[in-house]
Amino acid sequence: MSSGNEQRIYVAGHRGLVGSALVRRLQAKGEQVLARTHAELDLTQADQVEAFFATEKPTQVYLAAAKVGGIVANNSYPAEFIRDNLAIQTNVIHSAWRHGVQRLLFLGSSCIYPRECPQPMREEYLLTGPLEPTNRPYALAKIAGIEMCSAYNRQYSTRFLAAMPTNLYGPGDNYHLQNSHVLPALIRKFHEAKQRGDATVPAWGTGTPLREFLYSDDMADACVYLMNLPDERFDSLLSVYPPLVNVGCGHDLSIKALTELVREVVGFNGEVVWDTTKPDGTPRKLMDVGRLTSMGWQPQVDLRAGIARAYADFLQRQAAGEFNS
């Protein structure tokens with residue numbers, strides 16, 4: 001690899017949870033980061049993407065841009081989820097090849113793995129079983145992105161790698177009460193209950209499902225670590241199928257234990273009331289991160305400290321009036 005200051009690094013999706021963490025990590029290393037808002041560059045439009053790559057000539061690309069959403073959004077807009085994500089990644093990956101990008105990292109989601117995937121989920125379990133129907137269009141788009149990286153590597157000798165993060169949280173997260181993921185939703189629910197002086201907070205299900213969580217800045221650190229591996233180690237990740245690396249912490253906890261942890265960090269002194277008539281979801285979703293840790297990377301932020309940082313971010317944004325609606 002050439003030295004950092006010679007790289008022109010494009011972060012697609014720089015305003016999202018992962019993209020913003022990537023920008024923080026890269027700028028902390030003194031890297032030159034290229035970024036465009038959706039208004040400046042619509043990644044679903046091939047001509048705009050081609051013009052951007054022709055003009056800016058990035059040497060590295062982190063492809064974190066995607067149309068994302070929870071189960072309601074995935075069920076309501078399945079056509080948009082497959083169409084927009086296929087368009088974004090097709091345009092960026094193709095232009096990256098055309099303009100000689102040295103390395104590209106395509107970011108996906110753990111939903112690419114089969115619904116009944118053996119635990120922990122290894123990279124080679126991709127395409128070994130049916131997907132979860134509720135987010136299948138999104139998952140298939142992400143699988144197509146992995147396959148596109150592999151196909152371009154085979155045919156054009158590109159060096160395009162995919163990374164699949166576990167459940168992420170951190171600064172810039174979505175705290176919408178209906179559309180957010182479980183951890184940010186708990187932060188907001190406990191905070192608002194504390195403000196109101198509520199005696200109880202409701203929670204869905206039994207609390208028994210197991211989930212893995214990774215702080216977004218740790219995810220960004222892992223991505224930058226992978227993209228700066230020496231050539232022979234980076235190429236070893238491309239030489240196997242799929243050219244894919246799971247990114248997580250390698251251990252999980254129950255939703256009930258997570259809920260208690262968030263309750264303590266937020267400082268809510270009331271009780272949690274579990275509504276067992278509500279669904280639990282998949283019993284367990286744990287990443288096998290051996291491929292990543294064997295390269296020498298480990299996460300740095302433990303869950304309690306990460307939740308405290310996320311809560312501080314929530315409070316700052318709330319003070320700015322972001323959650324008034």
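The values are calculated or read from the model by the stated rules, or taken from the named source; none is laboratory data. Keep in mind that this is a model prediction, so the values were computed, not measured. Please note: Cβ atoms are built from the backbone with ideal geometry, for glycine as well, and neighbour counts cover all protein chains shown.
Just checking, does segment 60-67 include any residue being closer than 15 Å to GLY100 by Cβ and not charged (D, E, K, R)? Talk me through it step by step, then tell me what you get.
Going through segment 60-67, the residues closer than 15 Å to GLY100 by Cβ turn out to be 60-61.
Of the ones still in play, those that are also not charged (D, E, K, R) are 60-61.
Yes, segment 60-67 contains a residue that is closer than 15 Å to GLY100 by Cβ and not charged (D, E, K, R).
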Please count how many residues of segment 3-16 are modelled with pLDDT of 95 or more and not in a loop (DSSP other than H, G, I, E, B). 5
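Please indicate, with yes or no, whether at least one residue in segment 163-176 is in contact (Cβ under 8 Å) with a residue 40 or more places away in the chain, farther than 17 Å from GLY306 by Cβ, under 14 Å from the mean Cα position of the chain (by Cα) and part of a strand (DSSP E or B). Outline the logic, then answer.
Filtering segment 163-176 for residues in contact (Cβ under 8 Å) with a residue 40 or more places away in the chain gives 163-175.
Keeping just the survivors that are farther than 17 Å from GLY306 by Cβ gives 163-164.
Next cut, under 14 Å from the mean Cα position of the chain (by Cα) only: 163-164.
Right, trim to part of a strand (DSSP E or B) and you get 163-164.
Yes - at least one qualifying residue is present in segment 163-176.
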Considering residues of segment 233-263 that are at negative phi, in contact with a Pro (Cβ under 8 Å, 6 or more places away or on another chain) and part of a loop (DSSP other than H, G, I, E, B) only, the residue surrounded by the most Cβ atoms within 10 Å (Cβ to Cβ): GLY248
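Pick from ALA96, ALA139, ALA144, ALA64: which is free of Cβ contacts under 8 Å to residues at least 60 places away in the same chain, touching a helix residue (DSSP H, G or I) at 6+ places or on another chain (Cβ under 8 Å) and within 18 Å of MET227 (Cβ to Cβ)?
Numbers: ALA96 fails: free of Cβ contacts under 8 Å to residues at least 60 places away in the same chain; ALA139 fails: within 18 Å of MET227 (Cβ to Cβ); ALA144 fails: within 18 Å of MET227 (Cβ to Cβ).
Result of the check over ALA96, ALA139, ALA144, ALA64: ALA64.
In segment 39-50, which residues are in a loop (DSSP other than H, G, I, E, B) and either modelled with pLDDT under 95 or among the small types (Gly, Ala, Ser) (or both)?
If we filter segment 39-50 for residues that are in a loop (DSSP other than H, G, I, E, B), which is where we start, we get 39-45.
The one that is in a loop (DSSP other than H, G, I, E, B) and either modelled with pLDDT under 95 or among the small types (Gly, Ala, Ser) (or both): ALA39.
Name the one entry in THR37, THR44 that is within 27 Å of LEU226 (Cβ to Cβ), more than 19 Å from the chain's Cα centre (by Cα), surrounded by fewer than 22 Cβ atoms within 10 Å (Cβ to Cβ) and of a type in the set (S, T, N, Q).
Numbers: THR37 fails: more than 19 Å from the chain's Cα centre (by Cα).
Of THR37, THR44, the one residue that is within 27 Å of LEU226 (Cβ to Cβ), more than 19 Å from the chain's Cα centre (by Cα), surrounded by fewer than 22 Cβ atoms within 10 Å (Cβ to Cβ) and of a type in the set (S, T, N, Q) is THR44.
Look through segment 268-295, keep the residues that are outside any loop (DSSP other than H, G, I, E, B) and of a type outside the set (A, V, I, L, M, F, W, C), and return whichever of them is farthest from GLN119 (Cα to Cα). Before you say what the answer is, go through the steps one by one.
If we filter segment 268-295 for residues that are outside any loop (DSSP other than H, G, I, E, B), which is where we start, we get 271-275, 284-285, 287, 290-293.
Next cut, of a type outside the set (A, V, I, L, M, F, W, C) only: 271, 275, 284-285, 290-291, 293.
Numbers: GLU271: 32, ASP275: 27, ARG284: 7, LYS285: 7, GLY290: 13, ARG291: 15, THR293: 17 Å.
My answer is GLU271.
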Restricting to segment 188-216, what's the tally of residues that are within 22 Å of LEU303 (Cα to Cα), in a loop (DSSP other than H, G, I, E, B) and charged (D, E, K, R)? 1
Is it the case that VAL301 is in contact with a His (Cβ under 8 Å, 6 or more places away or on another chain), over 30 Å from PRO133 (Cα atoms), touching a residue at least 60 places away in the same chain (Cβ under 8 Å) and hydrophobic (A, V, I, L, M, F, W, C)? no
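If you go through segment 72-116, how many residues are in a loop (DSSP other than H, G, I, E, B) and closer than 25 Å to ASP221 by Cα?
Taking segment 72-116 and keeping what is in a loop (DSSP other than H, G, I, E, B), we get 77, 99-102, 108-109, 113-116.
Still in the list and also closer than 25 Å to ASP221 by Cα: 100-102, 108-109, 113.
The qualifying residues number 6.
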From the set of residues in segment 214-232 that are among the charged types (D, E, K, R) and more than 16 Å from the chain's Cα centre (by Cα), which is surrounded by the most Cβ atoms within 10 Å (Cβ to Cβ)? ASP231
Can you tell me which residues in segment 270-325 are β-branched (Val, Ile, Thr), in contact with a strand residue (DSSP E or B) (Cβ under 6 Å, 6 or more places away or on another chain) and surrounded by 13 or more Cβ atoms within 10 Å (Cβ to Cβ)? VAL272, VAL289, VAL301
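Applying the selection to segment 191-206, what residues are small (Gly, Ala, Ser) and at pLDDT below 95?
Quick first cut of segment 191-206, residues small (Gly, Ala, Ser) only: 193, 197, 199, 203, 205.
The answer is ALA203, GLY205.
Is at least one residue of segment 275-285 modelled with pLDDT under 95, closer than 14 Å to ILE187 by Cβ and not charged (D, E, K, R)? I'd like the intermediate steps shown before the answer.
From segment 275-285, those modelled with pLDDT under 95 are 275-285; that's our starting set.
Next, from what is left, pick out any that are closer than 14 Å to ILE187 by Cβ: none.
Checked segment 275-285: no residue is modelled with pLDDT under 95, closer than 14 Å to ILE187 by Cβ and not charged (D, E, K, R).
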